[in-house]
1. Mind grabbing the accessible area of A:TRP73 for me, 1.4 Å probe, Å², rounded to tens?
2. For the range B:73-149, what is the accessible area per residue in Å², given a 1.4 Å probe and the full set of protein chains?
3. At a probe radius of 1.4 Å, what is the per-residue accessible area of B:HIS280, in Å² to the nearest 10?
4. Suppose R0 equals 41 Å. What FRET efficiency, 1/(1 + (r/R0)^6) with r the Cβ-Cβ distance, do A:TRP73 and B:THR260 give to the nearest 0.05?
5. For the range B:103-118, just list the computed ³J(HN,Hα) in residue order, Karplus coefficients 6.51, -1.76 and 1.60, θ = phi - 60°, integers in Hz, with x standing in for Gly and Pro.
6. Compute the length gained on full extension between B:LEU82 and B:LEU147: take 0.36 nm times their separation in residues and subtract their Cα-Cα distance, giving the result in nm to one decimal.
7. Roll a 1.4 angstrom probe over the protein heavy atoms and tell me the percent of accessible area of the range B:125-231 that is carbon or sulfur.
8. GNM on chain A, C-alpha springs below 10 Å: top fluctuator among A:GLY36, A:GLY25, A:GLY93?
Amino acid sequence: MEKFKVLVVDDEDDFRETIVKRLRGRHLDTTGVASGEEALKAMEQESFDVVVLDVRMPGMDGIEALKEMKKRWPLTEVIMLTGHASVESGIQGMQLGAFDYVMKPVPLDELLDKMRQAYERKRIQEGKF
Amino acid sequence: MWPSLPLGAGRGWLPWLAPTLTLLAGLCLWEGGYRFFSVAAVALSALGCAGVRALCVRLAQAENARQLLDERLLTTQKLAALGELAAGISHEINNPLAIIRQEAEWLRELLSGARFQDPAQLLEFRESLQEIILAVERAREVTGKVLELARERQPVIQKLDLNRLLEDMARLVEHEARRKNIRMERRFAPDLPPVESDGPLLRQAVLNLLTNAYQAMEDGGTITLTSSWAGPDHVKIAIRDTGVGIPPEMLDKIFLPFFTTKPPGTGTGLGLAITQTIIHRLGGTISVASQPKHGTTFTIVLPLSWEPQEQKG
């Protein structure tokens, strides 16, 4: 599988640390941060291909972070993760340009599949620009 | 529009031919479709009566289809012009809205250091500011959707597993639907090939329709989500609810921007307009059938392989 850079944004430490570890195990260049603010800071430092973003976080929530990310890095694809299904925020997220909206818990292989597709989409878009 | 022609099989049909041809030609001219006349005349001379009847049926169908297309094109053009206007206005309104919001937030900050003789006044001040900010957010939701409607977002085409996509969106809605005693039924064709389409756009469209479906059901019901073949190179998605249904006189308006049956402030009336725009952009069609008190079905037909459209919108 082709390598790409992933940023995982989730305030639940256990969840984030585990998923970062497992994605690294699949040879993905993965970084984990605990908040929307930190995510934006990380993205200023280096470029990421795919962001996995929790919807509900203290401080800047996922939707706010998504808005900011798509404004500043429109080509980076964002997969929203949610623990509680909220149709409202799902619609909002898709409208703001999220690549997908996924319910937790999601099997790693399924998530990986979505991440690959998101990355492929980014590559297609970059070819266009 | 076309008369059933007195063309019985067997002998004796020849004498009918001349008057029939004249009648046919007259009708064609009258319909303004005189280009059909030459085709019809040539074909008539070459074909037997069964062929003539079949031809007439085909011609009538073609004429109907053409009229439908003309109407659709006109509606599309009208909507495109309206959309452009609305987008222009939205854009202009967004700037002052941003200023109002920023100033309101600044006032809120100033307020933390302010002193009032009557503390109740401070509270009222705060609540008032909060109302302003909320109202600005609501306005921005509308302008955002209008801009979304007008934005020419070129689809990014990838091979999609349609059933997977439908299942994902169903799961999102199912959780919330269950609380309203709504069941989600899946009928996915197992043999669908990958569909060339834009995942995020299609997800948005399906999610919009699923939301509408569960909002249409007040005290429980069933949403049936179906995927199937539609001819050799198309697939069909159907979303059926057992809700209140749509009155027949409203059916042809529901895709129009700002048309809503929801109480003011709860819906922008742009969901279905956006959904239709998306589906057209994906090279597909969307249609609706409804029976008041029994429910509504939205049907999307998508091509298996996507080709860029010449026509915008």
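1. 60 Å²
2. On the way: 5590 Å² over 77 residues.
Accessible area per residue, the range B:73-149: 73 Å².
3. Accessible surface of B:HIS280 is approximately 60 Å².
4. Numbers: r = 34 Å, r/R0 = 0.84.
After rounding to 0.05, the efficiency reads 0.75.
5. Along the range B:103-118, the couplings run 5, 5, 5, 5, 4, 4, 5, 4, 5, 5, x, 7, 10, 10, 5, 9 Hz.
6. Working: separation 65, 0.36 × 65 = 23.40 nm, distance 1.19 nm.
Separation in residues times 0.36 nm, less the Cα-Cα distance, equals 22.2 nm.
7. Working: 2390 of 4860 Å².
Roughly 49 percent, rounded to a whole number.
8. The residue that fluctuates most here is A:GLY25.
The values are calculated or read from the model by the stated rules, or taken from the named source; none is laboratory data. Bear in mind that the values here come from a model prediction, so they are computed numbers and not experimental data. Backbone-built Cβ (ideal geometry, glycine too); neighbour counts: all protein chains shown. In case anyone asks, the SASA skips ligands and DNA or RNA and just uses the protein heavy atoms, side chains included. Shrake-Rupley method; radii C 1.70, N 1.55, O 1.52, S 1.80 Å.
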